[in-house]
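Here the structure comes first, spelled out in structure tokens, and everything after it is commentary.
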Amino acid sequence: MELYELTVHELMDKLDRKEITSEEIIKSYSKRIEEKEKDIQAFVTTTIDTAMEKAKNINRENSKLAGIPIGIKDNICTKGVKTTCSSKMLENFIAPYNATVIEKIENEGLISLGKLNMDEFAMGASTEYSAFKTTKNPWNLQTVPGGSSGGSAAAVAANLVPWALGSDTGGSIRQPAALCGVVGLKPTYGMVSRYGLVAFASSLDQIGPITKDVEDAAILLNAISGHDEKDSTSVNLPKKDYTQNLVKDVSKLKIGVPKEFFGEGINEEVKTSVEKAIEQYRKLGATVEECSLNIANEALAVYYIIACAEASSNLGRFDGIRYGYRTKNFNNLKDIYKNSRSEGFGAEVKRRIILGTYVLSSGYYDAYYKKAQKVRTVIKQEFEKLFEKYDVLITPTSPTVAYEIGTKSNNPLEMYLADLCTVSVNIAGLPGISIPCGVDSQGMPIGLQLIGKPFGEETIIQAAYTYEQEIKFREKYKPEFKM
Amino acid sequence: MQVEKEEILHIANLACLNIKDEEIEEYRKNLQDILNWVDIVNRVDTSNINETICSTNNINIFRKDEIEEFQDKELLLQNAPEKQNNMFNIPKVIQ
């Protein structure tokens, strides 16, 4: 077995027993990237040379993670290495500082293998909106890896990195994880510092792990979570060790199954597979009950109003003055602003800025933005009611499996429906995890989503771990790089 | 809500984006489709409901107002599209 096939906790064990060195791990990944990156196109920038250098000087006394490689979504600022957001706007941008999560993982001795492709500014659900390249799904190279953290999910699935950081505004960690057959965890809003994450929608964005299994997700969450003075929305809670919840037991777990996520728009095979998983939970001793979350469709609409409004404001900073793309074609300052933005942003980003500016503009603010913020309260309340009765909710992660590249990218509205099952979690600020639960008749992976109470990561990790240990997806199915 | 061509141009101007003549209709139709669809938020009764700005509901998180000097000024300026000495270059603003 090659080192790149192992999970991080397996690599850690081997490092602990001194069976392998960090250099050997990096070499293994370097070889793998050389072989498979041309098919997958997951990286915007690779940093293998510096990774090799770092691996030579690893000190494992302070951290068990020291010497383990990682991949990073390209919207997380890395000092000295380009952070492009897969946009022409930031094609040559080199952040002058590290994001807090980067400081944290570097302090642990983790070694970056590079920056991973994404939909431009994280706006999309297929990674097709990257300005640079289309990342392929390792299970079938004709299909999308999902998005927006599609580079991260595809890289983990294809063993190009052992794990990766993604970001999730409306499903951008969980949905690509589901489509690529890996684990994706979106922490509770406020759990992980957003300092240094290029902002898309600040009240929804959260950084989280994309990993090969639940144990790795718990380990990485341990490393990146915690209060940060530089992010005033990060929450100051006592530090927890999420690996304590890697316990195979759901006997006391009360599961709610919101029926709205099993109806129209959900692919039959996805539905059947998730229902089978729910049955498995019942067999494992959990109490399962159907319930209702009557605002699923409204949540999607609320999401697009709020996310685009916040994006139009956040992306106002790209003006061609201090950093980022500057047009060559200008006579005055206004020209610089307008032409730089028009030439630097891609079509989907512009569409969303237009929508966001519209819902914030005088005359429409109350009807759309303010109304959406109120409905957001209702959505939160609906979840609170459900969590009085249940510990976790189960839904499919994505309404479909990975689809063919190019089939939806010209229809924004259809693309938006990909977020149906995931956005309400961001609207309410809850934690959610996607784990693989099977494959469809074409062999494409299907993900199920577990949603927890605010700061209920322990519960969803234990529930996810229990199921994972029972079905052993990783042992049964592997990506085939089908052409 | 019916979106008119003039409105698209107005919004694009607010957003500091150029829209070419041949693109206006596409943007208009696109925005119209999305607005028609997001209109379902109006099905939800929100009388006596306050807005949620941020899911944690934390407000006014203060920290000490202390000046910290950013050390790597060179790194800040290296991203500037045009610079002169220690400054960003822009076209003349006052005629």
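Inspect all residues belonging to segment B:20-36 and state whether any of them is part of a loop (DSSP other than H, G, I, E, B) and either touching a helix residue (DSSP H, G or I) at 6+ places or on another chain (Cβ under 6 Å) or within 7 Å of another protein chain (Cβ to nearest Cβ) (or both). Taking every residue of segment B:20-36 in turn, none turns out to be part of a loop (DSSP other than H, G, I, E, B) and either touching a helix residue (DSSP H, G or I) at 6+ places or on another chain (Cβ under 6 Å) or within 7 Å of another protein chain (Cβ to nearest Cβ) (or both). Inspect segment A:100-114 for any residue being touching a strand residue (DSSP E or B) at 6+ places or on another chain (Cβ under 8 Å), free of Cβ contacts under 8 Å to residues at least 40 places away in the same chain and of a type in the set (V, I, T) and give the result as yes or no. Looking through segment A:100-114, none of the residues is touching a strand residue (DSSP E or B) at 6+ places or on another chain (Cβ under 8 Å), free of Cβ contacts under 8 Å to residues at least 40 places away in the same chain and of a type in the set (V, I, T). Looking across A:L420, A:L450, A:L413, one residue alone is in the same structural domain as A:G226 (by TED's automatic domain parsing) and farther than 30 Å from B:R28 by Cα. It is A:L450. Of the residues that make up segment A:47-57, is at least one among the polar types (S, T, N, Q) and assigned to a loop (DSSP other than H, G, I, E, B)? There is at least one residue in segment A:47-57 that is among the polar types (S, T, N, Q) and assigned to a loop (DSSP other than H, G, I, E, B). Residue count for segment A:208-234 under the criterion of being touching a Ser or Thr at 6+ places or on another chain (Cβ under 6 Å), under 30 Å from A:I295 (Cβ atoms) and of a type in the set (A, V, I, L, M, F, W, C): the result is 2.
Of the strands (runs of 3 or more DSSP E) lying entirely inside segment A:373-483, those containing at least 2 residues that are within 14 Å of another protein chain (Cβ to nearest Cβ) are A:445-452.
The residues of segment A:319-367 that are within 7 Å of chain B (Cβ to nearest Cβ), under 24 Å from B:E26 (Cβ atoms) and either of a type in the set (S, T, Y) or outside any helix (DSSP H, G or I) (or both), listed by number, are A:Y337, A:S342, A:T357, A:Y358, A:S361. Whether a residue is under 22 Å from the mean Cα position of the chain (by Cα), within 9 Å of chain A (Cβ to nearest Cβ), closer than 30 Å to A:K374 by Cα and among the β-branched types (V, I, T) was assessed, and B:I53 passes this test.
Taken together, the residues in segment A:268-309 that are within 11 Å of another protein chain (Cβ to nearest Cβ), buried (at least 22 other Cβ atoms within 10 Å of the Cβ), of a type outside the set (G, A, S) and part of a helix (DSSP H, G or I) amount to 8. Within segment A:355-370, if we keep just the residues that are without any contact (Cβ under 8 Å) to a residue 24 or more places away in the chain and closer than 21 Å to A:L413 by Cα, the residue that is nearest to the chain's Cα centre (by Cα) turns out to be A:Y358.
Of the candidates A:E19, A:E61, the single residue that is at pLDDT 95 or above, out of contact with any Lys or Arg (no Cβ under 8 Å at 6 or more places or on another chain), not in a strand (DSSP E or B) and not basic (K, R) is A:E19.
Using the structure shown, decide if B:N79 is at pLDDT 90 or above and more than 7 Å from chain A (Cβ to nearest Cβ). No: the conditions fail for B:N79. Among the residues of segment A:231-277, those identified as farther than 18 Å from A:P454 by Cα, of a type in the set (S, T, N, Q) and under 24 Å from the mean Cα position of the chain (by Cα) are A:T243, A:Q244, A:N267, A:S273. Looking only at segment A:80-122, residues that are at positive phi, of a type in the set (A, V, I, L, M, F, W, C) and assigned to a loop (DSSP other than H, G, I, E, B) come to 1 in all.
The values are calculated or read from the model by the stated rules, or taken from the named source; none is laboratory data. Bear in mind the structure is a predicted one, so any value in this text is a computation, not a measurement. Please note: Cβ atoms are built from the backbone with ideal geometry, for glycine as well, and neighbour counts cover all protein chains shown.
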